[in-house]
Amino acid sequence: EGLSGKKYLSFVSDVSHYSFAKAMNIVGLGMDQLIKVKTSPNGQMLASDLREKIQQASSEGAIPLFVAATAGTTVEGAFDPIDEIAEVTQECGAWLHVDAAWGGSVLYHSEYRHLLRGVEKADSFSWDGHKMLGLSLVCSVLLMKEKSSLRAAHH
């Protein structure tokens with residue numbers, strides 16, 4: 001249920017990676033504060049459902065803190081509409097993270113780069129080079145839009 005007494009909510013698609021629930025527990029926000037957003041038949045987060053869930057939560061006094069868009073879901077390889085999701089997060093002031101652990105490498109391919117349209121609007125971006133670049137060792141990258149964000153979070 002979280003430790004702070006406030007409802008800081010995070011929003012992910014209903015097919016997002018299990019690590020988001022684990023992270024909510026580890027950081028003390030509570031897995032109950034992780035809201036699953038509906039997806040289309042092809043596994044993409046529905047920005048309309050995200051907007052509805054955020055509006056409902058806000059009307060009940062909850063604080064929308066974090067939204068994770070997925071670029072390459074684990075099972076279907078679906079890419080969420082980052083541009084549409086960014087519009088929603090800009091309206092409510094939530095942090096936008098793009099989980100591109102699997103699909104981040106499409107940035108290097110001119111034919112598929114469009115799948116990450118809007119990624120420049122994200123506050124953070126994670127990418128696992130070992131998944132699509134053929135690296136033999138685990139190689140993960142976390143990029144932050146604002147240089148001071150990571151430092152501020154740890155101080």
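In terms of its C-alpha gyration tensor, the stretch 110-155 has an oblate overall shape, because the principal axis ratio a/c (a ≥ b ≥ c, square roots of the eigenvalues) is not below 1.5 and a/b does not outweigh b/c. Distance between the modelled labels on M144 and K22, one decimal in nanometres: 2.3 nm (7 Å Cα→Cβ projection). Would you please state the base-10 log of I(q)/I(0) at q = 0.13, 0.24, 0.25 1/Å for the stretch 19-110, with intensities from the Debye formula using one equal scatterer on every alpha carbon? Taking Cα atoms of the stretch 19-110 as identical point scatterers yields -0.45, -1.37, -1.43.
Which loop-located GluC sites (Glu not before Pro) does the stretch 89-155 contain, where loop means any DSSP state but H, G, I, E or B and the Cβ has at most 14 other Cβ atoms within 10 Å? If you can, show how the numbers build up before the last one.
Numbers: sites: E91, E111, E120, E146; in loops: E111, E146.
Answer in residue order: E111, E146.
For the chain, the longest principal axis of the C-alpha atoms and the axis of helix 47-59 are separated by about 20°.
Probe of 1.4 angstrom, ligands and nucleic acids ignored: what's the accessible area per residue over the stretch 41-149, in square angstrom?
Values: 6020 Å² over 109 residues.
That works out to 55 Å² for each residue.
Given a 1.4 angstrom probe, I'd like the percentage of the accessible area of the stretch 1-63 that is carbon and sulfur, rounded to a whole number. Spell out each step's value before the answer.
Details: 1960 of 3730 Å².
Answer for the stretch 1-63 is 53 percent, counting heavy atoms of protein chains only.
What's the longest bit of the chain with no exposed trypsin sites (Lys or Arg not before Pro), using DSSP loop states and at most 15 other Cβ atoms within 10 Å as the test? With a cap of 15 other Cβ atoms within 10 Å, the longest stretch comes to 39-116. Most simply put, the chain has about 30% antiparallel DSSP beta bridges, counting only bridges with both residues inside it. The simple spin-label model puts a point 7 Å past each Cα toward its Cβ; for E120 and K36 those points are separated by 3.5 nm. Under the combined filter of DSSP loop state and at most 16 neighbouring Cβ atoms within 10 Å, the stretch 1-81 retains these GluC sites (Glu not before Pro): E1, E60, E76. Remark: for residue pairs K22/K121; K22/K145; K6/K131, the C-alpha separation exceeds 30 Å in K6/K131. Considering the dipole of the chain built from charges on the beta carbon (Lys and Arg +1, Asp and Glu -1) around the Cα centre, which of L142, A68, T39 is farthest to its positive end? Checking the options against the dipole of the chain, the answer is L142.
Measure out, as a whole number of angstrom, how far apart the alpha-carbon centroids of the stretch 15-52 and the stretch 92-134 sit. What the calculation gives is 17 Å, centre to centre.
The values are calculated or read from the model by the stated rules, or taken from the named source; none is laboratory data. What you see is a predicted model, and the numbers here were worked out from it, not measured in a lab. Every residue, glycine among them, receives a Cβ derived from its backbone with ideal geometry; neighbour counts consider all protein chains shown. Ligands, DNA and RNA are excluded from the accessible area calculation, which covers all protein heavy atoms including side chains. Shrake-Rupley method; radii C 1.70, N 1.55, O 1.52, S 1.80 Å.
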